[in-house]
Amino acid sequence: MTISSEAVERVFQQLKEQTPLIHHLTNTVTINDCANVTLAMGGSPVMATQLLEVEEMAMMAEGLVINFGTINDAMFAAMIKAGQTANQKGIPVVFDPVGVGATTYRTNKAKELIRTIKVSIIRGNASEISALIGKNTKTRGVDAGAIEMAPEVLAQEAAEVLNCLIVISGKEDVITDGRQLVVIDNGDYLLTKVTGTGCMTASLVATAAAVSENWFDGAVIGMATMSLAGEIAAKRLHAGEGLGSFRVKLMDTISTMNAATWLDGVRQK
Amino acid sequence: MTISSEAVERVFQQLKEQTPLIHHLTNTVTINDCANVTLAMGGSPVMATQLLEVEEMAMMAEGLVINFGTINDAMFAAMIKAGQTANQKGIPVVFDPVGVGATTYRTNKAKELIRTIKVSIIRGNASEISALIGKNTKTRGVDAGAIEMAPEVLAQEAAEVLNCLIVISGKEDVITDGRQLVVIDNGDYLLTKVTGTGCMTASLVATAAAVSENWFDGAVIGMATMSLAGEIAAKRLHAGEGLGSFRVKLMDTISTMNAATWLDGVRQK
Amino acid sequence: MTISSEAVERVFQQLKEQTPLIHHLTNTVTINDCANVTLAMGGSPVMATQLLEVEEMAMMAEGLVINFGTINDAMFAAMIKAGQTANQKGIPVVFDPVGVGATTYRTNKAKELIRTIKVSIIRGNASEISALIGKNTKTRGVDAGAIEMAPEVLAQEAAEVLNCLIVISGKEDVITDGRQLVVIDNGDYLLTKVTGTGCMTASLVATAAAVSENWFDGAVIGMATMSLAGEIAAKRLHAGEGLGSFRVKLMDTISTMNAATWLDGVRQK
């Protein structure tokens, strides 16, 4: 299926009017990129992680991102507290299970998180999502490992089992709530050669969802914004340019994207 | 009032000769930007935060930056220790109260810091400075909330109450010690759309103050360098470029700035 | 001496085929740069630091980087555990003693690390390496202080005393195992004006060593890749460009480097 052009136009319009505050509890590797991409999309990022203040900060926010990139016990406790506050307030909680499946610690903590708070949207690669629902898989570091199922099937099963929206980033991206399913056929190989494009996608999803009438639209808009921007940025590279310039042009493209560019470039199916 | 062209020329000259060591205890979001901007201005950044070593490191430094972006208890203890050492050595201590006013924890810790060590210069937005002196305000995440007072009035009151130099970044920037007051009429809207421009300003202020005859000159020079660089970088953007290119050109402009460019571009009043 | 063109071609070929997983326990200042440069060279970075999971993560890796930039006790414990695992698996362990010599804490922890695990390659500037072997020197923050010995002599003495490969970055770079010695006569002054070029060199060394027949070749290839890339990036700067553009072009150059460019540009002696 596809989301409507009206939904897309509404979200981009709302982003101009609202500047939603997006509270992040995220990793130290890509935290700067996540803050910048949130600003580029029209949100306002805040990154407080101290247990004593996350409740107050989450209560002020319109969206929450929980990212496991450099998870540890202190951060986990703050994530739970912020997540419970977000649930109470009813704002979208986007979970990025970075590296889940690679170590027992990560997998167990992710399962504990999902049991303890209500996650609205999970965004990961296929092996991370697979590990979350106990499929036999192996995440290699933070890269997607080989999986047996088609991403569409995996996403639908995960949405049912975990009772939330699932966003799988990959060659094609899949967004589903278990009934509705959108596949995005955009992207570029270079998106896998810059750290944090997955983490940034979670920030885009949270920012768009924060102003959407329904979170499904937000998830599609955020996910496709990254894949389309990667595609456009790759095309804009000149001879001799490489990953440094790609990264700059990726941020340029996200920060100048509007509903018209999005609708013109995104291939939904 | 305005600072003299001789003062500006002296500071840029000293930066070439001295490479002042600027010790930072800062947040994990913009720590890389702060290190790079310190280098771009002619300083040498060091970011040690372990309680057992901050005393030795601060004793070696020519300036200290304390930034509350991702403040927690362990970091706070190290800030106090480094601050006491800096006070003992007599080097400028620049405090950036990021997000103060947004949570009780932050506001209380900021007040405790100011009571415990002697801060030389506080750089923040209007709502952060307002919260520091107990005015009724609300910081929304890390953005400036609405305040009732004109920035000049707020800055002067804060300088008197807190007995230090106050730098307020905003549409116009205000620098005051409670008696002398400089307003900088430079800047660009895009500076609010990149994370860390405030934090980086604190680094520039510390770097300039470290080599200044008086810290007031350093505060004006550091603050205006960021606002002028933002203005120049925005003008250098080509069609299709956005926040990625702006950030690169901002750093280009800071790293190539000299006394002549500064005196030519900065509008003091 | 020089390493052979066959060795260089083999390493670049292997990087295309293997995508080695490089586990980093590194600092919060340049962690993003280290991840991106590992990707640019053809590796896959993972940055897990939680004590409970580093063993499992290191067991999956093909190389380990230990960097002292923002060292603290919790990180040190994880470094020891990851290092022991890497030793058991037989993968290269690259140690970057950032700031060692500047504070007692750092120097003591570095010596404890070297006593406890088997480090394969140490990459630092002359004053850091000097401090590691107890020479009378003073590291100023994270910059190289003055040292009395020629880098070649220092490197050879350190290689013997510490029984590992030594890589000293400087105006000329020196790589030695105590018997073989390669000097690299590439680089640019601007490499000292961007934070993290040293840290990134350690990542490049680990990535190249992970796929090398012998770690000495990997150390030379990784070290020279950074110095040559800095030289090329500096030449590509246009009028009005500064450190922002240099950093982008540095990453562009590393990500597009191949054996032919390397062999054409690197001056070994």
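FYI, it's all coordinate maths here, none of it is from the lab. Keep in mind the model is a prediction, meaning the values are calculated, not measured. Reconstructed Cβ throughout: ideal geometry from the backbone, glycine too, with neighbour counts over all protein chains shown.
In loop segments of region B:65-95 as defined by DSSP, there are no chymotrypsin sites (Phe, Trp or Tyr not before Pro) with at most 13 further C-beta atoms inside 10 Å of their C-beta.
Between identical copies, the spacing of B:Arg115 label points, each set 7 Å from Cα toward the C-beta atom, reads 4.3, 4.3 nm from nearest to farthest. If R0 is taken as 25 Å, the Cβ-Cβ distance between A:Glu6 and A:Asp185 corresponds to a FRET efficiency of 0.70.
Just how large is the dipole of chain A about the Cα centre, in debye to the nearest 20, putting +1 at every Lys and Arg Cβ and -1 at every Asp and Glu Cβ? It would help to have the intermediate numbers written out before the result.
Working: 22 positive and 28 negative charges, 100 e Å.
Value, rounded to 20: 480 debye.
Among C:Val93, C:Val37, C:Val29, determine the one that fluctuates most according to a GNM of chain C built with springs between C-alpha atoms less than 10 Å apart. Judging by the Gaussian network model, the answer is C:Val29.
If you take every DSSP beta bridge fully contained in the protein assembly as shown, what fraction is antiparallel? Give it as a percent rounded to 5. Provide the component values of the computation, followed by the final result.
Details: 27 of 81 bridges.
Percentage antiparallel, nearest 5: 35.
Among B:Ser245, C:Ser255, A:Ile22, whose Cα sits farthest toward the positive end of the charge dipole of the protein assembly as shown (+1 at Cβ of Lys/Arg, -1 at Cβ of Asp/Glu, about the Cα centre)? The one lying farthest along the dipole's positive direction is A:Ile22.
Since only C:Tyr105, C:Val161, A:Val100 are under comparison, the one whose Cα sits farthest along the positive direction of the charge dipole of the protein assembly as shown, derived from C-beta charges on Lys, Arg, Asp and Glu, is C:Tyr105. Working from Cα pairs under 8 Å separated by at least six residues, relative contact order for chain A is 20 percent. Among the residues of C:22-35, the average count of other protein chain beta-carbon atoms within 10 Å of the residue beta-carbon is 5. Centroid-to-centroid, using Cα positions, region B:1-54 and region C:30-99 are 29 Å apart.
About the Cα centre of the protein assembly as shown, what is the dipole size in debye to 20, counting +1 per Lys and Arg Cβ and -1 per Asp and Glu Cβ, all else neutral?
On the way: 66 positive and 84 negative charges, 123 e Å.
In debye, rounded to 20, the protein assembly as shown gives about 580.
For the protein assembly as shown, the orientation-averaged shadow of the C-alpha convex hull comes to 29.8 nm² (one quarter of the hull surface). Largest first, the extents of the alpha carbon coordinates of region B:31-107 on the three principal axes equal 35, 27, 20 Å.
Which of the DSSP-defined H helices in chain B satisfy a minimum axial length of 20 Å, computed from C-alpha atoms, and a minimum mean Kyte-Doolittle hydropathy of 0.0? Those that clear 20 Å and a mean of 0.0 are B:215-235.
Counting only other chain Cβ atoms within 10 Å of each residue's Cβ, the peptide A:248-260 averages 5.
Other residues whose C-beta falls under 14 angstrom from the C-beta of C:Ala259 contribute a net charge of -3, scoring Lys and Arg +1 and Asp and Glu -1. Using R₀ = 35 Å, calculate the FRET efficiency as 1/(1 + (r/R₀)^6) where r is the Cβ-Cβ separation of B:Asn108 and A:Glu213; round to 0.05. Approximately 0.35, to the nearest 0.05. Placing a label point 7 Å from the Cα of B:Arg179 along the Cα-to-Cβ direction, the distances to the matching points in the other copies come to 7.3, 7.3 nm, shortest first.
Can you say what percent of the DSSP beta bridges in region C:5-265, counting only those with both residues inside, are antiparallel? Round to 5. Mind showing how you got there, number by number?
Values: 8 of 26 bridges.
Of all bridge pairs located within region C:5-265, approximately 30 percent are antiparallel.
Run the helix sum for the protein assembly as shown: -39,500 (n - 2.57) per DSSP H stretch of 4+ residues, divided by residue count, reported at 222 nm to the nearest 500 deg cm²/dmol.
Working: 33 runs with 417 residues, N = 807.
Dividing the helical sum by the residues of the protein assembly as shown leaves -16500 deg cm²/dmol.
Sorted shortest first, the separations between the A:Glu9 label point and its copies elsewhere in the assembly read 6.0, 6.0 nm; each point sits 7 Å from Cα along the Cα-to-Cβ line. Residue by residue along A:189-196, Cβ atoms of other protein chains within 10 Å of the local Cβ number 4 on average. Note on C:Glu56/B:Lys171: beta-carbon distance plugged into 1/(1 + (r/R0)^6) with R0 of 51 Å gives a FRET efficiency of 0.50. In chain B the longest region clear of GluC sites (Glu not before Pro) that are loop-assigned by DSSP and have at most 15 other C-beta atoms within 10 Å covers B:1-147.
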